[in-house]
Amino acid sequence: MRLFIAEKPELGRAIAEGLDGNYKSGEGYIQKGDNIVTWAFGHILELAKPEEYNEKYKLWKLEDLPLPIKEFKYLPKKDSEKQLKIICNLIHSNKITSIVNCGDADDEGQILVDEIVQYSKTSKPIFRVLINDLTPKAVREEIAKIKPNTDFKGMSERGFARSQADWIVGMNLTRAYTVIAQKNGFEGVLSVGRVQTPILGLVVARDKEFETFKSIDYYSLLGDFEINNSIIKARLKTEEKILDENIAKEIKNSCENQSANISLKIENKKEYPPLPYNLLILQAECAKIFGFSPDKTLQITQSLREKHKAITYNRSDCQYLPETMFEEAPKILNCIKENLNNDEIKTLISNSDTTIKSKAFNDSNISAHYGIIPTQNKISSQLTQDELYVYDLIAKRFIIQFFNPREYQTSTINLEINQRIFTATQNKTIKNGFRSLWQNIDNDKEEQDGDKNEYDLSSLKDGDIAKCSLIQIEKKQTKPRPYYTMTTLLKDLNSVAKYVTDERIKKLLIEKDKDKKGESGGIGTPATRSNHLKTLIYRGYIEVSKDKKQVVKSTKKGKNLIALSPKLLTTPDMTALWFEQQKMIETLELQRNQFLEEVTKEVINEIQRISNNEDFKILEDENKPKIQCPQCNKGFLQRIKSKNGNKWWWGCSEFKQGCKAMYYDDNGKPKI
């Protein structure tokens, strides 16, 4: 008898539906014929906290760092202890002859179930199944491809190495930064992490660029050219901006009333429908259209996938689809029509053509997951309004794959006068294709016209002569890139390599994503980015405007943390360097412990660097008088909100070093 261990209950139920045999429900599991299916609730084990290795680590002390953890412990999460016990009892049952890891198809999903298996200390054979689509047919197809779990040993080692290294960096440096900051009068915790801190670094850098930007005047020349009793507008081509108005005037005087030789280039182009969503692009779109936070979009898609089984794997980093999915398209479209049942969707589907195979259907571009699309499941329970919004977006992105591309012609003319080149571009639609019904859909690759011309540029030919009748000198100003919005920040997270100046680091970041279409030197994963942003907001490092635009800015606290941190922590460099080593771990060329030892050495170096760093004084609130603790005479009193949030009290900044001073709050002051 096989035991399938799913990542979540919804996946467990889907697996059970895909198995043959009589159905029997038990507490925390389902029996289906000769198979038993049980489930976790995501990670039900977690890396032990420092104090769970030794009680003395409840106190945060610099001298205890780095924490001397030789063998990592995994302990049950409090809300999952009962289910973990059920799973372990099933694993050890005499009925069970083999176990199937049904975690998600990435290294995080791999270790999620591997943790449980290792915790149980079983020696039974383990197998692996990768499931993206929760429909019974798709589940059966994936179970038929079952493989030994040992085939994924490298993936498992890589996942464990990354999570344990993140623990070493986060636990040690958060404690070190916090202890030193509190000694300098700072209140609260300074949270540090491999992914979280570089994301903050991006926001701080963008803020600084915007706030310190000094605008420069420059000049652009727009010419009127007479030909065939018509006027063509064309702009001067320059390699660099013209900063001197006198130079602009000289060009104007030398070109006005002169004849220009015309050269023409005509290109036939196609604008293809945008690909299906991955999680990051869906989060960015939902932020832009609905004002949803990344975490809210993630939760909505989780519900659509698990509760309603309405969409495929929602944490995907891929926008492409398996070619076999093309054959299923008519059934999926019919299901969308039933689920949404509105005139707009009916019109779109009736105008679609399922013989059109878009670029999305490409096996060579598939990673562990594929694009987020609707399933063939009929939604039985009513969707919330927000779920409906997101499902509608996902459905439309799938429907659009069955429309022809827009075909258009780009005409570019160059007008040469006295070795100066003026240029104009014009796009003319030949066939509307998908734009006939999808005028408003975004497509970053869509060609844009420059200065508008009524005259048909394609009717010109090489060697035509036009007269420059007028040149306008337009005074403009350079502009900084704007503050991040949640949409633009999310999109940047999948391509941070473009901000890296070290060529080796940049190359490593890009190589990390070489098999991930849509990712080009990114940081974090689609599944974790929203959590990192949520933590940055919660910790008070960044703030997000309440309007629909969701402008993201760093706080003073966030700016100070970046100012105090080394380049390795505030840039994606650590992720790049870890990737290089994790590749070797995955191919079993490097031992996990060797990698962790190197990470620990980096942590030791950083703790030594900051131990007596006077720069931490910038964390003090200069407008707030410091009250020295009357009990220890070392720390300063801090105002703290009670756990229920109803009251305030005062404690000492040396609390984690052992000072137990505590005072009632008296209208914002300690009652000493």
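The values are calculated or read from the model by the stated rules, or taken from the named source; none is laboratory data. Keep in mind the model is a prediction, meaning the values are calculated, not measured. Glycine gets a Cβ as well: all are built from the backbone with ideal geometry, and neighbour counts include every protein chain shown.
The test for being under 27 Å from Tyr408 (Cα atoms) and of a type in the set (A, V, I, L, M, F, W, C) holds for Ile262.
Could you tell me which of the residues Asp343, Asp363, Asp392, Asp386 is surrounded by fewer than 13 Cβ atoms within 10 Å (Cβ to Cβ) and in contact with a helix residue (DSSP H, G or I) (Cβ under 9 Å, 6 or more places away or on another chain)?
Asp363
For the range 255-276, state whether one or more residues are free of Cβ contacts under 8 Å to residues at least 60 places away in the same chain and more than 30 Å from Leu383 (Cα to Cα). No, there is no match, as no residue in the range 255-276 is free of Cβ contacts under 8 Å to residues at least 60 places away in the same chain and more than 30 Å from Leu383 (Cα to Cα). Residues in the range 82-104 that are at pLDDT 95 or above and either charged (D, E, K, R) or part of a strand (DSSP E or B) (or both): 8 in all. For Arg206, are the conditions met, namely being closer than 30 Å to Phe616 by Cβ, part of a helix (DSSP H, G or I) and in contact with a strand residue (DSSP E or B) (Cβ under 6 Å, 6 or more places away or on another chain)? When the stated conditions are applied, Arg206 passes them.
The C-beta contact set for the range 67-92 (first residue of a type in the set (Gly, Ala, Ser), second residue assigned to a loop (DSSP other than H, G, I, E, B), distance under 6 angstrom, 6+ apart or interchain) comprises Ser80/Phe41; Ser80/Ile44. Of the residues making up the range 539-552, those that are under 17 Å from Pro198 (Cβ atoms) and either among the aliphatic types (A, V, I, L, M) or touching a strand residue (DSSP E or B) at 6+ places or on another chain (Cβ under 8 Å) (or both) are Tyr541, Ile542, Val552. Pairs are defined by a Cβ separation below 6 Å, a sequence spacing of at least 6 or placement on different chains, a first member in the range 368-385 that is assigned by TED's automatic domain parsing to the domain that holds Glu338 and within 17 Å of Gln401 (Cα to Cα), and a second member that is of a type in the set (Gly, Ala, Ser) and part of a loop (DSSP other than H, G, I, E, B); the pairs so defined are Ile372/Ser316.
So, in the range 299-324, exactly how many residues are in a helix (DSSP H, G or I) and either polar (S, T, N, Q) or buried (at least 23 other Cβ atoms within 10 Å of the Cβ) (or both)?
8
Criterion first (modelled with pLDDT of 95 or more and of a type in the set (D, E, K, R)) does Lys265 satisfy it? Answer is yes for this residue. Apart from one condition, Lys559 fits all of (1) more than 26 Å from Val189 (Cα to Cα); (2) among the basic types (Lys, Arg); (3) crowded, with 17+ Cβ neighbours inside 10 Å; the exception is (1). Each residue in the range 143-154 was checked for being surrounded by 18 or more Cβ atoms within 10 Å (Cβ to Cβ) and over 27 Å from the mean Cα position of the chain (by Cα), and 2 of them qualify. Might you check whether a residue that is at pLDDT below 95 and part of a helix (DSSP H, G or I) occurs anywhere in the range 388-407? No: the range 388-407 contains no residue that is at pLDDT below 95 and part of a helix (DSSP H, G or I). Pairs meeting the criteria (first residue in the range 501-521 and closer than 29 Å to Leu321 by Cβ, second residue exposed (fewer than 13 other Cβ atoms within 10 Å of the Cβ) and at pLDDT 75 or above, beta carbons under 8 Å, at least 6 apart or on different chains) are Ser520/Lys498; Gly521/Lys498.
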